[in-house]
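The values are calculated or read from the model by the stated rules, or taken from the named source; none is laboratory data. Model, not experiment: these values are computed from the prediction. No Cβ is skipped: glycine too gets one built from the backbone with ideal geometry, and neighbour counts run over all protein chains shown. SASA here: full protein model, heavy atoms, side chains in, ligands and nucleic acids out. Shrake-Rupley method; radii C 1.70, N 1.55, O 1.52, S 1.80 Å.
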Protein chains: 2
Amino acid sequence: MPSIITFREAPSADLPSIIDMLADDALGKTRETLSDPPAACYVEAFAAIDSDPNNRLILALSDGQIAGCLQLTFIPGLSRRGLWRGQIESVRTARRFRGQGIGRALFDHAIAASRERGCGLVQLTTDKSRSDAHAFYDALGFVASHDGMKLSIES
Amino acid sequence: MPSIITFREAPSADLPSIIDMLADDALGKTRETLSDPPAACYVEAFAAIDSDPNNRLILALSDGQIAGCLQLTFIPGLSRRGLWRGQIESVRTARRFRGQGIGRALFDHAIAASRERGCGLVQLTTDKSRSDAHAFYDALGFVASHDGMKLSIES
């Protein structure tokens, strides 16, 4: 029987599971720090997201178990006649749930949430080394019209 | 004598000047609508930006005259140990002020504001057709490590 996929905004109790997913990734494994309880930097970032009506941390659950996550940020702007954007970041599917359509379901959910919020555009940047991700976003209809440029200012 | 460049957050009285700058651009001219007073879509978008502590509409003034603008959005996130990002959008220099270092000054200001706010990364996407802009961001130290992908969901 196919599993049932549901969605919820992440409560703070799910923070360790989310950090696990962020870290279990070719790029993420060098960037994240796993600890129990989670490091203060994650707890503070979670609180900032959770208290901001323009930021949502969305979980996909497969038969009730955490299977994937993404962050959705709603950004107002003047350009394009005052277009709001839904921006997607930190997309992950938990390893044992990969290949089961979780990513696709998460994106369908995030795109619907963006539309409901009045956004006219959904956008993301993907590291050029992630060729599988690029193909996945292509298949969803995303167009790689832009370069995503980053400047590190970490002290 | 070189002009004096200053910065301020845009008050609503500056909205017509900002829309003029957004529209006076190879891509913007097909996307924006000029009218006096500005169309409701711009007034509403301005209010959304102005009321959000994570969004700033920054003007550069050259000897007190509006010379350029950009939007800076502060985005909290869990990835990279809870890294905050400063995201830059809708960068313009007014035509008669081009070639005078206004863009560079705006970016220096936005990068400093991002650092002050605790961001570890400044990011933007630039349309691949804007080769001059790409070179400008390169010179500032931005790295085109990502593809910027967009999905239109306008109804």
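Some notes on this structure:
- Label-point separation in nm, A:Val43 to A:Asp132, each point 7 Å along Cα→Cβ: 3.4 nm
- Innermost chain B residue relative to the axis carrying B onto A, by Cβ distance in angstrom: B:Gly148, 2
- Cα convex hull, region A:35-123: 115 Å³ per residue, rounded to a whole number.
- Between copies, the label points at A:Gln65 (set 7 angstrom from Cα along Cα-to-Cβ) are spaced 6.7 nm, reported in nanometres from shortest to longest.
- Its Kirkwood hydrodynamic radius, worked out from the mean inverse distance over all distinct Cα pairs, puts chain B at 16.6 Å.
- Computed over region B:1-67, the convex hull of the alpha-carbon atoms projects to a mean area of 5.4 nm².
- Whole-Hz Karplus values for region A:19-24 come out as 4, 4, 5, 4, 7, 8 Hz, taken residue by residue from phi with 6.51 cos²θ - 1.76 cosθ + 1.60 and θ = phi - 60°; glycine and proline positions read x.
- Within the listed set B:Leu22, B:Leu83, B:Leu124, the residue fluctuating most in the Gaussian network model of chain B (springs between alpha-carbon atoms under 10 angstrom) is B:Leu83.
- Using R0 = 41 Å, the C-beta based FRET efficiency linking B:Val143 and A:Met1 works out to 0.30.
- Hz values of 3J(HN,Hα) by residue in region B:139-153 - Karplus curve (6.51, -1.76, 1.60), Gly and Pro given as x: 5, 7, x, 5, 10, 7, 7, 10, 8, x, 10, 10, 10, 6, 10
- In region A:73-111, burial by the other protein chains removes 30 Å² or more of 1.4 Å probe accessible surface, compared with the chain on its own, from A:Ile75, A:Pro76, A:Leu78, A:Ser79, A:Arg80, A:Arg81, A:Arg85, A:Gln87, A:Glu89.
- Under a Gaussian network description of chain A, with springs only between Cα atoms under 10 Å, the residue in A:Arg92, A:Arg130, A:Arg104 that fluctuates furthest is A:Arg130.
- Accessible area buried by the pairing of A and B, both sides summed with a 1.4 Å probe, works out to roughly 5800 Å².
- Within 10 Å of the Cβ of each residue in A:31-42, the mean number of Cβ atoms contributed by other protein chains is 2.
- Cβ neighbours within 10 Å from other chains - mean over A:136-148: 6
- With both labels modelled 7 Å from their Cα along Cα-to-Cβ, the B:Leu34 to B:Arg8 distance reads 2.3 nm.
- The protein assembly as shown, Cα convex hull volume normalised per residue, Å³: 137 Å³
- Computed over protein heavy atoms with a 1.4 Å probe, the accessible surface of the protein assembly as shown works out to 46 Å² per residue.
- Here the accessible area of chain B is 51 percent carbon and sulfur, with a 1.4 angstrom probe and all protein chains present.
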